[in-house]
Amino acid sequence: MMYTYLEHPEKYSPLSEEEETCDFCGQEKLCFDASFFYSAEDHDFICPQCLTGGKLIGREIFTCDGDIDELKRQLSVLHPEWSVEMIDADAAQKTTALEKTTPHLITWQDWSWPAADGDYCKFIGYGSKEKFAALAPGTSGEELFKSSLYYTVEEDDDDELWEDLLPEDDIADYDESADIPQLFYVFRSLHSDRIVTVWDSN
Ligand SMILES: [Zn+2]
């Protein structure tokens with residue numbers, strides 16, 4: 001399965017190891033864990049077909065929380081000719097696609113999914129010095145890291161984040177990330193090479 005806003009779901013939002021009963025279609029399938037979804041309802045599992053098929057749309061269930069205010073701000077800068085209604089409609093459509101059809105990314109804290117270039121970004125993996133070096137061929141991984149920090153990152157000492165908190169080595173998947181108390185989440189814009197990073201800790 002391909003997802004607009006999440007690369008390599010098999011690494012970052014793995015399916016159950018055994019078949020489970022999907023809460024939404026009742027079939028026995030390999031499923032995503034739905035227990036972490038943002039909802040007042042309790043759910044255990046959802047199969048990929050129900051997630052991408054839009055079974056969450058129209059219900060008070062969200063797999064994540066998009067930074068819709070920042071998205072609208074970007075859209076109004078990119079499209080000064082658009083009316084407020086057009087911006088709201090475009091943002092709402094992208095937010096539904098993000099929050100209702102994207103597998104859940106397990107994080108230490110709840111934070112808003114970043115936006116860049118007038119759309120939500122695609123999650124491409126966990127941050128490390130190795131990863132930023134690979135993303136910045138010919139230039140400095142440190143420079144890329146510092147310029148990628150999302151506006152919500154309050155830490156003004158980006159030197160300290162780079163020196164003391166960013167892991168050295170690549171973090172391959174969710175299982176490896178679960179042992180690491182500070183995680184950096186790396187995203188790429190859908191519309192440019194822009195990299196966006198947020199971080200949290202347990
Ligand atoms: Zn299903």
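Would you mind stating whether SER35 is small (Gly, Ala, Ser) and closer than 24 Å to ASP173 by Cβ? Reasoning before the result, please.
Details: small (Gly, Ala, Ser): yes; closer than 24 Å to ASP173 by Cβ: yes.
Yes.
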Which residues, counting only those in the range 14-44, are within 8 Å of the ligand (Cβ to nearest atom) and either in contact (Cβ under 8 Å) with a residue 12 or more places away in the chain or under 23 Å from TRP111 (Cα atoms) (or both)? CYS22, ASP23, PHE24, CYS25, GLN27, LYS29, CYS31
Determine the pairs where a residue that is within 20 Å of SER13 (Cα to Cα), located within the range 80-108, has a partner that is assigned to a loop (DSSP other than H, G, I, E, B) and of a type in the set (A, V, I, L, M) with Cβ atoms under 6 Å apart, the partner being 6 or more residues away or on another chain. LYS100/LEU56; LYS100/ILE57
Inter-residue pairs, beta-carbon under 9 Å, first within 10 Å of PRO103 (Cα to Cα) and in contact (Cβ under 8 Å) with a residue 40 or more places away in the chain and in the range 45-60, second part of a helix (DSSP H, G or I) and not charged (D, E, K, R), 6+ apart: PRO48/PRO9; LEU51/THR101; THR52/THR101
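Specify which of the listed residues (LEU78, LEU71) is more than 16 Å from the ligand (Cβ to nearest atom), of a type in the set (A, V, I, L, M) and touching a strand residue (DSSP E or B) at 6+ places or on another chain (Cβ under 8 Å). Outline the logic, then answer.
Details: LEU78 fails: touching a strand residue (DSSP E or B) at 6+ places or on another chain (Cβ under 8 Å).
After ruling out the rest, the residue left standing is LEU71.
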Boolean, LEU98 is in a helix (DSSP H, G or I), in contact with a Cys (Cβ under 9 Å, 6 or more places away or on another chain), away from the ligand (no atom under 16 Å from the Cβ) and of a type in the set (A, V, I, L, M, F, W, C): yes
Based on this model, can you work out whether ILE61 counts as within 13 Å of the ligand (Cβ to nearest atom), out of contact with any Lys or Arg (no Cβ under 6 Å at 6 or more places or on another chain), closer than 21 Å to LEU6 by Cα and of a type in the set (Val, Ile, Thr)? no
Could you please give the count of residues in the range 169-202 that are surrounded by fewer than 12 Cβ atoms within 10 Å (Cβ to Cβ), over 16 Å from GLN74 (Cβ atoms) and among the polar types (S, T, N, Q)? 2
Taking the range 8-49 and keeping residues crowded, with 17+ Cβ neighbours inside 10 Å, out of contact with any helix residue (DSSP H, G or I) (no Cβ under 9 Å at 6 or more places or on another chain) and acidic (Asp, Glu) leaves GLU20, ASP33
Restricting attention to the range 68-86, and to residues there that are surrounded by 13 or more Cβ atoms within 10 Å (Cβ to Cβ) and within 22 Å of the chain's Cα centre (by Cα), which single residue is nearest to LYS100 (Cα to Cα)? ILE68
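Condition (residue is under 15 Å from LEU6 (Cβ atoms) and either buried (at least 18 other Cβ atoms within 10 Å of the Cβ) or free of Cβ contacts under 8 Å to residues at least 12 places away in the same chain (or both)) applied to the range 141-161: is it met by at least one residue? Give the derivation first.
We begin by selecting, within the range 141-161, every residue under 15 Å from LEU6 (Cβ atoms); these are none.
Scanning the range 141-161, I find no residue that is under 15 Å from LEU6 (Cβ atoms) and either buried (at least 18 other Cβ atoms within 10 Å of the Cβ) or free of Cβ contacts under 8 Å to residues at least 12 places away in the same chain (or both), so the answer is no.
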Could you check the range 61-79 and list, in sequence order, the residues that are under 19 Å from THR152 (Cα atoms), part of a loop (DSSP other than H, G, I, E, B) and free of Cβ contacts under 8 Å to residues at least 60 places away in the same chain? CYS64, ASP65
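Every number in this text was worked out from the coordinates using simple rules, so none of it is lab data. Owing to the predicted nature of the structure, the values given are computational and were not obtained by experimental measurement. Note that we place each Cβ from the backbone using ideal geometry, even for glycine, and neighbour counts take in every protein chain shown.
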